[in-house]
Amino acid sequence: MITINDKRDCSGCTACYAICGRHAIEMREDPLGFKYPVVNTEKCVECGLCDKVCAFNDIYSTPDNLDRPIALGGRHKDIEEVDKSRSGGIFAALSDAVLSEGGVIYGAGYDSSFRVIHKRATDPSERDELRGSKYVQSDIGNIFLQVESDIKANRKVLFSGTPCQTAGLSSFLRLRKVNCDRLLICDIVCHGVPSPYIWRDYLKYIQKKERQKIIDVNFRDKLRFGWSAHKESFKLENKYISTCTYTNAYFQHIMIRRSCEVCHYTNLRRTGDITLADFWGWEKSNPDMNKDDKGISLILVNTNKGARHIEQIKNKILSFPVNIEQALQPNLQSPSSVHPGREQFEKDYERFGFEKSMSRHALIGWKHDVVRIMDRIKRKVHNVARKFRKL
Ligand SMILES: Cc1cc2nc3c(=O)[nH]c(=O)nc-3n(C[C@H](O)[C@H](O)[C@H](O)COP(=O)(O)OP(=O)(O)OC[C@H]3O[C@@H](n4cnc5c(N)ncnc54)[C@H](O)[C@@H]3O)c2cc1C
Ligand code: SF4
Ligand code: SF4
Ligand code: SF4
């Protein structure tokens with residue numbers, strides 16, 4: 001039976017939870033809200049399926065993958081679709097094609113209090129909620145079982161998620177011997193997933209500070225700030241605000257899941273038929289397409305099935321071939337390295353709660369403001385020194 005001795009060994013994909021026919025596994029939250037499987041030994045019959053299904057290791061299976069992914073740059077032809085998506089709107093084009101065949105889409109959306117959860121969509125308006133990156137680990141719940149039942153009902157399915165979620169789903173369906181011809185899997189290049197509790201508490205903190213309810217959230221509002229900017233935004237009852245606090249904590253890797261620091265999928269052996277990413281470094285391959293800073297996608301076609309689906313949407317997107325070596329962004333080469341204070345942060349959060357732990361670690365409050373001012377000064381000094389060196 002599955003036992004987690006080291007938190008880095010579990011991505012929280014839920015494959016073990018879904019496979020257990022005895023309902024002996026519960027996904028239980030840790031102090032930061034990341035879920036881990038816990039076995040009820042009274043219900044467990046030691047069948048070993050949960051160990052067998054776990055794909056969070058270096059020998060995960062990708063039997064249908066091409067020798068090397070085919071890399072493309074691209075964006076949706078309809079600029080409104082690009083505006084509504086995180087990068088180039090390729091997910092929208094792919095999911096529109098699946099919906100037009102009566103299919104079902106699975107991806108990350110919200111519950112009524114903006115908790116990030118995986119959801120099922122059967123029309124474009126439900127699908128629209130799944131667009132855009134949510135920088136929090138999404139709660140999969142029992143979605144793998146729903147995907148299985150849709151496939152068995154002969155519906156076409158598109159499942160989209162982080163590489164660990166897509167690897168877990170494939171492994172679960174393989175062990176269940178489900179015919180996956182009608183399943184298209186899209187994974188994303190993944191930097192790591194932040195804590196669900198920090199996201200929840202940050203929303204409460206904003207509401208308390210502003211004395212207003214949050215009506216809507218946007219992890220990266222590219223219409224206001226452009227695709228390359230990275231700020232979270234909130235629509236409140238009668239105003240709109242943007243902050244960098246959450247994003248800043250994310251990129252310090254102080255609140256990401258422990259498995260992300262040893263992620264097995266930060267390479268070109270992808271766990272989806274198609275991989276989607278922001279195309280950082282696009283200028284070298286096509287200096288024109290993203291001049292408006294509206295967003296451009298990197299598309300990795302990993303299987304023949306993926307290639308067929310890209311062919312199907314080719315009249316909806318503008319795309320161009322890319323030399324894959326020019327597209328190897330950091331998380332296609334290695335996992336994100338975790339902040340040295342990650343463990344202490346978790347302990348402080350458990351002991352003192354959100355505001356005190358965030359301020360102790362200079363993520364909010366006066367210490368945070370001082371660090372930011374120092375950073376700004378350092379950047380200015382650096383730029384001036386560079387100018388002098390050029391003279
Ligand atoms: C946590 C996270 C880390 C990322 N790290 C990188 C990175 O390092 N480099 C990079 O180039 N791109 C990264 N991305 C991917 C990128 O931001 C875009 O999601 C991707 O380019 C797709 O853009 P799109 O315009 O085609 O689709 P969009 O319409 O923006 O659709 C986004 C898709 O991502 C899925 N998704 C969104 N949030 C989550 C979530 N929390 N968990 C699982 N699936 C989710 C949705 O289901 C949807 O299918 C990351 C995304 C997330 C969520
Ligand atoms: S990685 Fe997935 S299958 Fe493996 S133990 Fe964690 S939740 Fe279970
Ligand atoms: S060994 Fe079998 S019964 Fe026990 S928890 Fe794992 S899947 Fe369930
Ligand atoms: S970095 Fe790896 S382990 Fe972490 S969420 Fe992304 S795919 Fe999963």
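Since every read-out is calculated from the coordinates, none of them should be taken as a lab result. From a predicted model like this one, the values you see are computed outputs, not experimental measurements. Using ideal geometry, Cβ is built from the backbone for each residue, glycine included, and neighbour counts are taken over all protein chains shown.
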- Counting only residues that are touching a strand residue (DSSP E or B) at 6+ places or on another chain (Cβ under 8 Å) and within 13 Å of ligand 1 (Cβ to nearest atom), region 115-127 contains a total of 9
- Query: Tell me, which strands (runs of 3 or more DSSP E) lie completely within region 170-279 with 2 or more residues that are of a type outside the set (S, T, N, Q) and more than 30 Å from Leu49 (Cβ to Cβ)?
  - Reply: 214-218, 232-236, 240-243, 274-278
- Any hit, region 215-223, residues being within 16 Å of ligand 2 (Cβ to nearest atom), surrounded by fewer than 17 Cβ atoms within 10 Å (Cβ to Cβ) and of a type in the set (A, V, I, L, M): no
- Note on the structure: In region 30-53, residues that are surrounded by 14 or more Cβ atoms within 10 Å (Cβ to Cβ), away from ligand 1 (no atom under 16 Å from the Cβ) and either touching a residue at least 40 places away in the same chain (Cβ under 8 Å) or over 15 Å from Gly141 (Cα atoms) (or both) total 8
- What do you reckon, is Lys156 touching a residue at least 24 places away in the same chain (Cβ under 8 Å) and surrounded by fewer than 23 Cβ atoms within 10 Å (Cβ to Cβ)? yes
- Message: Can you confirm whether Tyr110 is touching a Pro at 6+ places or on another chain (Cβ under 6 Å), buried (at least 17 other Cβ atoms within 10 Å of the Cβ) and under 23 Å from Ile215 (Cβ atoms)?
- Response: no
- Looking at region 25-73, which of its residues are touching an Asp or Glu at 6+ places or on another chain (Cβ under 6 Å) and more than 16 Å from ligand 2 (Cβ to nearest atom)? Pro31
- Task: Within region 269-308, track down each residue that is under 18 Å from Gln165 (Cβ atoms) and either in contact with a helix residue (DSSP H, G or I) (Cβ under 6 Å, 6 or more places away or on another chain) or not charged (D, E, K, R) (or both).
- Result: Thr271, Gly272, Asp273, Ile274, Thr275, Leu276, Ala277, Leu300, Asn302, Thr303, Gly306
- Restricting attention to region 135-150, does a residue exist that is over 23 Å from Asn57 (Cα atoms) and within 12 Å of ligand 4 (Cβ to nearest atom)? yes
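Residues are listed down the side, and each one gets a yes or a no for (1) in contact (Cβ under 8 Å) with a residue 24 or more places away in the chain; (2) within 17 Å of Gly132 (Cα to Cα):
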site	(1), (2)
Phe225	no, yes
His230	no, yes
Phe234	yes, yes
Glu237	yes, no
Thr245	yes, no
Ile254	yes, no
Val262	yes, no
Arg269	yes, no
- Query: Somewhere in region 4-24, is a residue within 10 Å of ligand 2 (Cβ to nearest atom), among the aromatic types (Phe, Trp, Tyr) and either touching a helix residue (DSSP H, G or I) at 6+ places or on another chain (Cβ under 6 Å) or under 30 Å from Asp348 (Cα atoms) (or both)?
  - Reply: yes
- How about region 96-130: which of its residues are more than 17 Å from the chain's Cα centre (by Cα) and among the small types (Gly, Ala, Ser)? Ala97, Ser100, Gly102, Gly103, Ser112, Ser113, Ala121, Ser125
- Matching residues in region 283-319 - criterion: being among the basic types (Lys, Arg), free of Cβ contacts under 8 Å to residues at least 40 places away in the same chain and in a helix (DSSP H, G or I): Arg308
